[in-house]
Amino acid sequence: MLGLIQRVSSASVSIDSQIHGYINRGILLFLGVEKGDSATQSDQLLQKILNYRIFSDEQGKMDLSLKNIAGDLLVVSQFTLAADTQKGLRPSFSSAAPPAEAKNLYNYFLGQAKVIHNGTIANGKFGTDMHVSLCNDGPVTFLLSSK
């Protein structure tokens, strides 16, 4: 399971020109599900994201996590993260989980996040054409993996 995280001062996802999810200070997560991923990988990635120290402390050092600041989390499904771009000029998505399996893990991830995180949890809609707007703070962006 892959997570592209961006530290944001705000972010939103719109569907059909309507805002579907919005957050203030926190993390925008693009979540990619690969073949073979399970609830175990989902739980591992969620813990890593919630505890990853990418927010500044009083000295300006990246030493605080999303949990430490009780920040918001916006989760957007992003199957293109699982793309194989090693050959040719067109990505292959053969390592992405099948849509039904990916949707189940995406929903599981969201459910777990809502149970264990105190900040606002917002989300996109799996398998839908979405427009994402964000104000990247830093910019700070990391690619995390459950593997």
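Taking (1) out of contact with any Gly (no Cβ under 7 Å at 6 or more places or on another chain); (2) open to solvent by 30 Å² or more (accessible area, probe 1.4 Å); (3) within 19 Å of Asn107 (Cα to Cα); (4) assigned to a strand (DSSP E or B) in turn, His20 satisfies each apart from (1). Of the residues Lys35, Lys67, the single one that is of a type outside the set (Ser, Thr, Tyr) and farther than 23 Å from Thr128 by Cα is Lys67. For region 34-51, a residue qualifies if it is closer than 20 Å to Ile116 by Cβ, open to solvent by 10 Å² or more (accessible area, probe 1.4 Å) and out of contact with any Ser or Thr (no Cβ under 6 Å at 6 or more places or on another chain), and the qualifying residues are Asp37, Ser38, Ala39, Thr40, Asp43, Gln47, Lys48. Counting the residues of region 47-74 that are touching a residue at least 40 places away in the same chain (Cβ under 8 Å) and either small (Gly, Ala, Ser) or over 22 Å from Gly138 (Cα atoms) (or both) gives 2. For region 99-110, the set of residues classified as without any contact (Cβ under 8 Å) to a residue 40 or more places away in the chain and open to solvent by 30 Å² or more (accessible area, probe 1.4 Å) consists of Pro99, Ala100, Lys103, Asn104, Asn107, listed by residue number.
Quick check on Gln59: is it within 18 Å of His131 (Cα to Cα) and polar (S, T, N, Q)? No.
Among the listed residues Leu64, Leu29, which satisfies the condition of being closer than 18 Å to Asn118 by Cα and surrounded by 23 or more Cβ atoms within 10 Å (Cβ to Cβ)?
Only one candidate passes the filter, namely Leu29.
The values are calculated or read from the model by the stated rules, or taken from the named source; none is laboratory data. Note that the structure is predicted; figures quoted are calculated from it, not measured. Virtual Cβ from ideal backbone geometry, glycine too; neighbours counted across all protein chains shown. Side chains are part of the model used for accessible areas, which takes the heavy atoms of the whole protein and leaves out ligands, DNA and RNA. Shrake-Rupley method; radii C 1.70, N 1.55, O 1.52, S 1.80 Å.
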